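Engineer: My questions will all concern the structure given below.
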Amino acid sequence: MKPQVFVDRQLAPEVVQWLSQHCELDMWTEGDTITRDALQQRLSNADGFITSGRRIDEELLNAAPKLKVVSSISVGYNHFDIEAMKQRGVIGTHTPYVLDDTVADLAFALMLGSARRVAELDRYVRDGNWKRGDGENLFGVDVHHATIGIIGMGRIGEAVAKRARFGFDMNVQYYNRTRKPEAEERYEAAYVDLNTLLSTSDFVVMLAPLTEETRDMMGQEQFSRMKSSAIFINVSRGATVDEDALYEALEKGKIRGAGLDVFKQEPLDGGHPLLRLSNVLVLPHLGSATTKTRIVMARAAAENLVAALKGETPPYLVPEFRS
Ligand code: 8YV
């Protein structure tokens with residue numbers, strides 16, 4: 001008998017087809033948000049679960065007595081309660097590597113978009129405000145030759161550093177828990193402490209994964225250290241930032257702008273204070289969202305799941321589950 005697998009999002013047809021050769025698939029097709037109750041019900045008979053950001057905690061695990069593996073279509077796995085999963089003997093997998101370049105591209109889209117005020121000025125033109133005599137009121141700042149400070153020099157951090165150094169001739173500096181001598185050499189990157197990074201960078205790019213140490217890592221004090229001309233970019237997780245402190249820094253002109261792909265609460269409420277500010281560029285968590293990359297991620301997640309259900313070590317087992 002094939003193992004039972006629940007998938008809580010749509011997958012590319014070729015991935016569905018491949019998966020159905022190996023398991024009995026139950027796909028969430030009803031549209032709209034899946035409720036906690038419906039999810040628990042659908043997981044009650046599942047051996048495997050493919051998801052992208054669903055919180056996996058004790059309550060959910062209790063509702064899924066047969067579950068062996070949760071395969072996340074994401075590199076981040078802060079939605080896993082690792083201890084609860086370990087206690088229940090459920091392993092977690094993720095999809096690193098395949099999205100690095102795509103997320104790095106989006107970091108640059110936000111940097112360029114914020115620096116040159118792309119969305120704001122698109123609205124300006126559409127609203128019929130473009131007139132002869134427009135000048136400094138529309139000016140932005142340069143990305144090329146500026147100093148970029150990368151918080152979190154992992155794989156995506158390196159992809160950002162590469163673009164910064166070789167595409168935009170930027171000075172690269174970074175802060176990370178551990179030094180990365182090879183990255184320093186490759187991108188002529190300087191390792192600095194967080195305070196130095198904040199006070200000397202023109203662009204501060206948050207790429208640290210969300211952990212208990214990085215939660216609210218950017219608060220009032222950190223924003224106050226940034227240059228008033230600097231731009232803050234977040235393509236990691238919203239909870240690494242104290243959004244009230246960010247709002248205050250932007251509103252009071254303590255920093256120039258922000259480009260944000262991620263938020264504490266997603267989807268972002270349409271009435272969120274950050275949306276009142278014209279110096280904020282927002283996206284609905286699309287870092288890895290190109291058609292091609294999402295298919296590759298789904299395929300990787302499917303392979304992880306099938307390997308785990310066969311009792312093999314999945315290609316991308318989350319590090320905490322490696323023995
Ligand atoms: C995910 C992400 O695709 O990989 C991650 O950690 O944040 C995205 O690339 C996203 O979580 C899907 O909803």
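Engineer: About the Cα centre of the stretch 100-282, how large is the charge dipole given +1 on each Lys and Arg Cβ and -1 on each Asp and Glu Cβ? Please answer in debye to the nearest 20.
Structural biologist: 360
Engineer: Give the residue list of trypsin sites (Lys or Arg not before Pro) in the stretch 265-320 that are DSSP loop and have at most 16 other beta-carbon atoms within 10 angstrom.
Structural biologist: LYS310
Engineer: Let me have the relative contact order for the stretch 1-52, percent, based on Cα pairs under 8 Å that are six or more residues apart.
Structural biologist: It comes to 56 percent, rounded to a whole number.
Engineer: Could you tell me which GluC sites (Glu not before Pro) in the stretch 267-323 are loop residues by DSSP with no more than 11 other beta carbons within 10 angstrom of their beta carbon?
Structural biologist: Taking the stretch 267-323 and a limit of 11 other Cβ atoms within 10 Å, the loop GluC sites (Glu not before Pro) found are GLU312.
Engineer: Using per-residue counts of other Cβ atoms within 10 Å, averaged over each peptide, order 217-227, 179-189, 133-143 from highest down.
Structural biologist: Going by the mean number of other Cβ atoms within 10 Å, highest first, we get 217-227, 179-189, 133-143.
Engineer: With N residues in the stretch 100-282, what two-decimal value do you get for its Cα radius of gyration over 2.2 N^0.38 Å?
Structural biologist: 1.01
Engineer: Right, another one. List the lysines whose alpha-carbon lies under 28 Å from that of LYS162, not counting same-chain residues fewer than 8 positions away?
Structural biologist: Here the lysines satisfying the reach criterion relative to LYS162 are LYS180, LYS227, LYS292.
Engineer: Suppose every Lys and Arg Cβ carries +1 and every Asp and Glu Cβ carries -1, with no other charges. What dipole size does the chain come out with about its Cα centre, to the nearest 20 debye?
Structural biologist: Dipole about the Cα centre, nearest 20: 440 debye.
Engineer: Can you give the helix-only mean residue ellipticity at 222 nm for the chain, where every DSSP H stretch with n ≥ 4 adds -39500 (n - 2.57) and the sum goes over all residues, rounded to the nearest 500 deg cm²/dmol?
Structural biologist: -9500 deg cm²/dmol
Engineer: Here's a follow-up. LYS86: which lysines have alpha carbons under 20 Å from its alpha carbon, excluding same-chain residues fewer than 8 sequence positions away?
Structural biologist: Result set, ordered by chain and number: LYS66, LYS68, LYS310.
Engineer: Right, something else. Among LEU106, GLY219, LEU305, which residue has its Cα positioned farthest towards the positive end of the charge dipole of the chain, with +1 placed on the Cβ of Lys and Arg, -1 on the Cβ of Asp and Glu, and the dipole taken about the Cα centre?
Structural biologist: LEU106
Any read-out appearing in this document is the output of simple, stated calculations on the displayed coordinates, not a laboratory observation. Bear in mind the structure is a predicted one, so any value in this text is a computation, not a measurement. Please note: Cβ atoms are built from the backbone with ideal geometry, for glycine as well, and neighbour counts cover all protein chains shown.
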